[in-house]
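Reading through the C-alpha cells given below for one structure.
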Amino acid sequence: MIAVFINTLKALHISIKKSNIYKLLTVGFISLIICSLGFYYFEHPVNPELGINDAFWWGIVTSTTVGYGDFFPTTFQGRIIGILLMVIGISAFGFITAAVASAFVENKLKEGMGLMDIKFDNHIAIIGWNSKSEIILQELIKDNPDSNILIVDEREKLLLDYKNAYFVHGDPTQDETLKKANIKNADTVIVVADEKIGNARMADAKSVLICLAVDKLNTNIHLIAEVLNKENVSHFQRANVNDIIISNEMSSRVMVRSALYKNVSLALKELLTNTYGNEIYESKIKDEDVGISFKELSSKYMDKYNAIILGIANGDVLLNPDKDQPVKKGDIIIYISKEKL
C-alpha cells in the first residue's frame, strides 16, 4: 500500500513539474520577499514598532488572503503593495489548485488506460480479461482486500472500480509489457484464455507463449493457467506452469457430481467462494504439531478452530490420509473453515 502511495506521488510530481508549478512557486516566493521589503520600507517610518519579521508575516498572511489584521498598511504605497500581493497570491493559489487537480486527473486517466508502470511487488497478476476474470478479481479481493491485484490485457481501456486493482495495457506475450507490470517481483500470475480468438487451439497457443514469457522473467513465480483443450496440457507443463486448470473438464465434473449426488454442487459452490459460508484454505504445519497423528491433528483443529482438515500436501496432495499417519515438518494442511487460520 505504501509503495502504491509513493508511486502516485512520483507520478504527481512529474505531472506538476510539466505544468511549471515549481517555477511559479519560485517567482511567487521572490515576489513575497520584494513586497514584504517594500511594505517595511514604506510603513516603518509611520509605524516604528513594525519590524522586518513583522513585514514578512504580513506578506504571508496577505498573499494567502487570510488577513489577520494585526498589521495593515496605512500609506498609499503600502496599500498598493498589499493589493498587488493579494492579486499575486490569489492567482498563484488558483493556478496551483488547477494544476494539482489536473495532475490527479491525468494520473487517474493513465491508470484507466493502463499506462502506469507498476512499482509495487508481491502482487497477483491476472493476464487476460474474459468472462471469468472479474469473478477471479472479486474473489481475490474478498479474500485479501489489502493485496494488490493487477490486470494485464491488450484492450485500450479498462476501468476497475475496486480498491487496489490496477490495469496495464499491452501485449502480454512481450517482455516489455510484463516488465511494465513488474512480473519479475510478482507473487502469482493467473493466465486466462483469450476468448476473443474463438479457437481453442490458438487461444491455448497464446496462453503458452504468455506462460513462457512469465517464466523467463520470474522462475520462482506461482503460475496458474486456464487450458481450453486437454491435448495442450503438455505444452503448459513445459512452460513450468504450477497449476493447470482445464476449464471445460472442471465444469463437466461438477455437473456429474451434481447429477449423482444432488447436494454436492451446493457444497462445492460454498467452498469455492469467499462471499459466504466455509472456504478451503491451506497453512503450514506448526512446529508444535510435528509428529502427531492425522487423527490427533484433526481433533485438535476441530476442537480449537472448528475447522475440518481434508488432507496434507508435501509435493503431492493426500486427502483423507490414514488416521495414524504422522504429520511431518514442512507439511501443508488443507482445511475447511469459515475464516483463514
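What follows draws every value from the coordinates through simple rules; no lab data is involved. Everything numeric here is computed off the predicted structure, so don't read it as measured data. Positions of Cβ are generated from backbone atoms using ideal geometry, with glycine treated the same way; all protein chains shown enter the neighbour counts.
What the table shows:
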item	result
Residues with amide H under 5 Å from that of Val168, placed H, sequence gap 5 or more	Ile151, Val152, Asp153
Rg/Rh ratio calculated on Cα atoms of segment 148-285 (Kirkwood radius)	1.00
Mean ellipticity per residue at 222 nm, deg cm²/dmol - from DSSP H runs of n ≥ 4 across the chain, formula -39500 (n - 2.57)	-15500 deg cm²/dmol
Per-residue HN-Hα couplings for segment 183-194 [Karplus 6.51, -1.76, 1.60; θ = phi - 60°; Hz; x = Gly/Pro]	4, 4, 10, 7, 8, 9, 10, 10, 9, 9, 5, 7
Entries in Lys269/Lys295; Lys132/Lys180; Lys163/Lys329; Lys216/Lys328; Lys163/Lys230; Lys262/Lys295 that, when Cα-Cα distance is taken, lie over 31 Å	Lys163/Lys329; Lys216/Lys328; Lys163/Lys230
Debye, to nearest 20: dipole size of the chain, +1 on Lys, Arg Cβ, -1 on Asp, Glu Cβ	380
Whole-Hz couplings from phi, Karplus 6.51/-1.76/1.60, listed for segment 317-333; x for Gly and Pro	9, 10, 8, 6, x, 4, 4, 8, 5, x, 8, 9, 5, x, 5, 10, 8
Shape call, segment 279-341: gyration tensor on alpha carbons, a/c limit 1.5	rounded
Of Asn232, Ser247, Thr188, farthest towards positive along the dipole that unit charges on Lys, Arg, Asp, Glu beta carbons give segment 155-274	Ser247
Highest-first arrangement of 255-261, 187-193, 84-90, where packing means the average Cβ count within 10 Å	187-193, 84-90, 255-261
Segment 230-252 versus segment 279-325: alpha-carbon centroid distance in Å	28
On Cα atoms only, tilt of 52-63 relative to the major axis of the chain in degrees	60
Förster-model FRET efficiency, 51 Å R0, His44 and Lys119, C-beta, rounded to 0.05	0.45
Gained length - Met250 relative to Ser131, 0.36 nm times residue gap less alpha-carbon distance	41.2 nm
Relative contact order (%) - the chain, alpha-carbon pairs under 8 angstrom, separation at least six	10
Where only C-alpha atoms are counted, convex hull volume of the chain per residue in Å³	211
Exposed-loop-free span, longest in the chain, where GluC sites (Glu not before Pro) count as exposed if DSSP calls them loop and at most 12 other C-beta atoms lie within 10 Å	157-338
Relative contact order of segment 137-296, defined on C-alpha pairs under 8 angstrom at six or more residues apart (%)	15
DSSP beta bridge pairing in the chain, given as percent antiparallel to the nearest 5	45
